[in-house]
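Structure first, commentary second.
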Amino acid sequence: MVIDLTNKKPLFSAKKATEISPAAAPWKILVVDDEPDVHTVTKLALSRFRLDGRALTFINAYSGEQAKELLAQEQDIAVAFIDVVMESDHAGLELVKWIREVQVNKNIRLILRTGQPGQAPEEDVIVNYDINDYKAKSELDSRKLMTSVYSSLRSYRDIMEIEQARRAQMNHRMGLERVLEATSGLFELRTLHKFADGLLTQVATLLNLDTETLLLTCNAMDAISGHVDSAEIEILAGTGQFANSPPHKELPEHIGKLLRSALIQKRCLYEDNCFVGYFPTKSGLINLLYMDGIDKIDDLDKKLVDIFAINVGVAFENLLLNQEVEDTQSELILRLGDVVESRSKEAANHVKRMAEYCAQLALLAGLTETEADLLRRASPMHDIGKIAIPDAVLLKPGKLDDQEWSVMRQHPTIGYQILANSERPILKAAAIIALQHHEKYDGSGYPGNLQQDQIHIFARIVAIADVFDALSHARCYKAAWPLDEVIDEMRKGAGKHFDPDLLELFINNIDIFVRVKESWKDHDE
């Protein structure tokens, strides 16, 4: 059974190719030739071809330019048969050069065919053009054509497997980089979400799955007390449609059912093409890992998922322990700040508003989230030194005399002395703020007559927040000022009392600070 490609006449009648399953996608073969009969004969000769259970599908181009258009559209063509002479004597050679150099396609296997061997000598073509085979049409009978396609497709298959492994390795590295980035600040609650998100992405990449994943948590007491249906499940991180989901987003019914089933049975589940990992922690929380598309992975991969989820549970528990320490520290600072402010008859929620004003202005000024959060936690201690000021001075309703004012001016130094010996970052920041928050940008403040950048940016931010809140709210000696009057008064202090750049940022974004003010109203407002 031979096909002579020079006279284009089939010497046998091929049977119809058997149907293939959708999962076994056919190999794509591009035939580039200006003679229609060559397309027909090539397809006929290879009609019963199979490799790895996959047949062939043919894409036809009748010129080099048409082939370029098709190659730009089709990204997974395995083999291309290219005629040398078409719209020009070297159209095929020009197409080969375009594929390799312009399209930078090194994967496709290129087989040059010519009916005029002398037009492009074989040795010159092999040396100067990146092709995989070069055949005269007269020597390509059915057997040799089949052999050439087998060889080329196996080569293409191996190249694609190597490329897939390379991409998988790159994706694994990128996933690991995200995890390493997330672990750079494991002592912040928001880092937990970054860490979980990075790990979810890594495991999905590791398993080569385009899958929906969720990492969730709930209170163990809710789950074990027989109230699983009412247990509050919180989203920590997700991929796919669940990426950037809020913690209390309502989950699809089938996912919620699987999660609660795992809580009831207190074990990991593989059901309905999904995996739910169940991982209780010593801290009283239960972590749940949801993944779909699990039928696409083998038993070894499932063990990997189990190990992954356990590690997430351990990391989560450690992060929560660190967070608990930091939150306790912050709450003690806030409550102590409240005590100081209430003793001096300040507004009830003054320190809470101050903390948020400072954090928001810090972010606007370009400080990192970590720095802004540190300022939020430390700023409530700015007036801690007032704890040592006598009531006769601190609570005097009228104007202080020179001696009383001298006593009052000691509170920044006293506050610094109380906090300065701590090695904790929050208390060290609070010590700086306590000492410098009454310094003024022009050097006329106290206690050190510091000016401009000599004053720590934390203290410069606190100075703006403190005055804004004091003017905006009623005190024992004054009524609250209207917003426009507050802004006018603060503008007068630009470059004198306040850092002019920070003040401009504050005023230009006043809506942010008004929202904070409204969210922490005093009891008598």
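For the reader, a short list of remarks on this structure follows.
- For Leu288, the stated conditions hold: it is hydrophobic (A, V, I, L, M, F, W, C), at pLDDT 80 or above, under 15 Å from Thr217 (Cα atoms) and touching a helix residue (DSSP H, G or I) at 6+ places or on another chain (Cβ under 8 Å).
- Set side by side, the residues Asp141, Asp83, Asp124 differ, and just one is touching a Lys or Arg at 6+ places or on another chain (Cβ under 8 Å) and of a type in the set (Asp, Glu), which is Asp83.
- Residues considered: Arg515, Arg491. Of these, the only one that is open to solvent by 40 Å² or more (accessible area, probe 1.4 Å), touching a Leu at 6+ places or on another chain (Cβ under 8 Å) and part of a helix (DSSP H, G or I) is Arg491.
- Meets criteria (polar (S, T, N, Q) and free of Cβ contacts under 8 Å to residues at least 40 places away in the same chain) for Asn509: no
- Note on the stretch 55-88: residues that are open to solvent by less than 30 Å² (accessible area, probe 1.4 Å) and assigned to a helix (DSSP H, G or I) total 3.
- Among (1) closer than 23 Å to Ala136 by Cα; (2) touching a residue at least 60 places away in the same chain (Cβ under 8 Å); (3) open to solvent by 60 Å² or more (accessible area, probe 1.4 Å), the one test that Asp52 misses: (1)
- Summed over the stretch 225-245, the residues that are touching a Lys or Arg at 6+ places or on another chain (Cβ under 7 Å) and either modelled with pLDDT of 60 or more or surrounded by 13 or more Cβ atoms within 10 Å (Cβ to Cβ) (or both) give a count of 2.
- Of all residue pairs spaced 6 or more apart or on separate chains, those with beta-carbon atoms under 7 Å, a first member in the stretch 433-453 that is assigned to a helix (DSSP H, G or I) and a second member that is crowded, with 19+ Cβ neighbours inside 10 Å and of a type in the set (Val, Ile, Thr) are Ile433/Val462; Ala434/Ile384; Gln436/Ile455.
- Scope the stretch 261-277; condition farther than 13 Å from Asn219 by Cα and buried (at least 20 other Cβ atoms within 10 Å of the Cβ); matching residues: Ala262, Phe275, Val276, Gly277
The values are calculated or read from the model by the stated rules, or taken from the named source; none is laboratory data. In this text, all values refer to a predicted model and were calculated from it rather than measured experimentally. Positions of Cβ are generated from backbone atoms using ideal geometry, with glycine treated the same way; all protein chains shown enter the neighbour counts. Protein only, heavy atoms only, side chains kept; ligands, DNA and RNA dropped before computing areas. Shrake-Rupley method; radii C 1.70, N 1.55, O 1.52, S 1.80 Å.
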